[in-house]
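Working notes for the structure below.
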Amino acid sequence: MNRLPLSLVLAALGAAAPLAAQSPYPDYVPVSMVQTEEATFPANLVANGVKSGAATVAVAIDDRGNLTDYLVTGYTNPAFAEHAIVALKKWKFQAAQIHGRARDSKADLSFDFQVQGVVVVSLTAGAYDEILRTQIDAPHAFHACTLAQLDHIPTPSKIVKPAYDPSVPGSKRGGKVSVEFYIDETGRVRMPSVDLETNEAYEDLSATAIAAVGQWQFEPPTVKGRPVLVVAHQDFTFQPAAH
């Protein structure tokens, strides 16, 4: 299943209100942004002959358009990530919407730095993969690891089971929910999310799974003994309520 650039991070656990048969709203409107300040090319890198670079940042935007969290997930040089963060903290955001309802959301922003011309910012799903493919050999490059790259799978220090309520609408038929999340260098879970397709099929179950995973904690993930950022998935299978 392909993950969309914007993945839902639903904070509310309440059931969704019934939708009209023909809704006047688009099914999905991604988060949008107003770049009130342009990210600038790091001057110290220009002096060292660097002419281009990139950084990727995951951001959490609440249903009022506020930036509530951010996490650097990759860069070709840390200076690019620093300049990206300085700019995006000053931006304005419009919350994502599903069927006309504003939602908390997680988006992946990619910054393409060029010494000549403006910095290009995009919300493309493949931007992070492009950085890995073309820039990962840069001396100061960084990217989120996969579980397979770790010294060993991190041991959980706190696991919270989903507060499964058989009375919510989605539980009557059950379903499988896959939550994607990061484990940062301290072992903290960051940016738990599901893709749009899963949310559409199992909205209440997705919210329950996300709320649980957001409380998990792990020992710091490591590669060769060094703490790293890692991306992980957790699948939940909810059994349908007995009749």
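The values are calculated or read from the model by the stated rules, or taken from the named source; none is laboratory data. Treat the numbers as computed from the prediction; the structure is a model and nothing was measured. Cβ placement follows ideal geometry from the backbone for every residue including glycine, while neighbour counts extend to all protein chains displayed.
For the range 192-212, which residues satisfy the criterion of being more than 17 Å from Ala60 (Cβ to Cβ) and not in a helix (DSSP H, G or I)?
Of everything in the range 192-212, just one residue is more than 17 Å from Ala60 (Cβ to Cβ) and not in a helix (DSSP H, G or I), namely Tyr202.
Among the numbered conditions (1) part of a loop (DSSP other than H, G, I, E, B); (2) at pLDDT 90 or above; (3) surrounded by 13 or more Cβ atoms within 10 Å (Cβ to Cβ); (4) in the same structural domain as Ala39 (by TED's automatic domain parsing), tell me where Pro154 comes up short.
Failed condition: (4).
Looking at (1) part of a loop (DSSP other than H, G, I, E, B); (2) on the phi < 0 side of the Ramachandran plot; (3) modelled with pLDDT under 75, which one does Gln116 not meet, given that it meets all the others?
So the condition that Gln116 fails would be (3).
Go through the residues of the range 85-93 one by one and say whether even a single one is at pLDDT below 85 and not polar (S, T, N, Q).
No - not one qualifying residue is present in the range 85-93.
Residue-by-condition table, conditions (1) touching a residue at least 40 places away in the same chain (Cβ under 8 Å); (2) surrounded by fewer than 16 Cβ atoms within 10 Å (Cβ to Cβ); (3) under 23 Å from Gln114 (Cβ atoms):
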residue: Ala54; (1), (2), (3): yes, no, yes
residue: Asp62; (1), (2), (3): yes, no, no
residue: Gly65; (1), (2), (3): no, no, no
residue: Leu71; (1), (2), (3): yes, no, no
residue: Lys89; (1), (2), (3): no, yes, yes
residue: Gln97; (1), (2), (3): yes, no, no
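Test Thr36 against the stated conditions and say whether it is outside the structural domain of Thr208 (by TED's automatic domain parsing) and either modelled with pLDDT of 90 or more or surrounded by 18 or more Cβ atoms within 10 Å (Cβ to Cβ) (or both).
Considered against the rule, which asks whether it is outside the structural domain of Thr208 (by TED's automatic domain parsing) and either modelled with pLDDT of 90 or more or surrounded by 18 or more Cβ atoms within 10 Å (Cβ to Cβ) (or both), Thr36 comes out as no.
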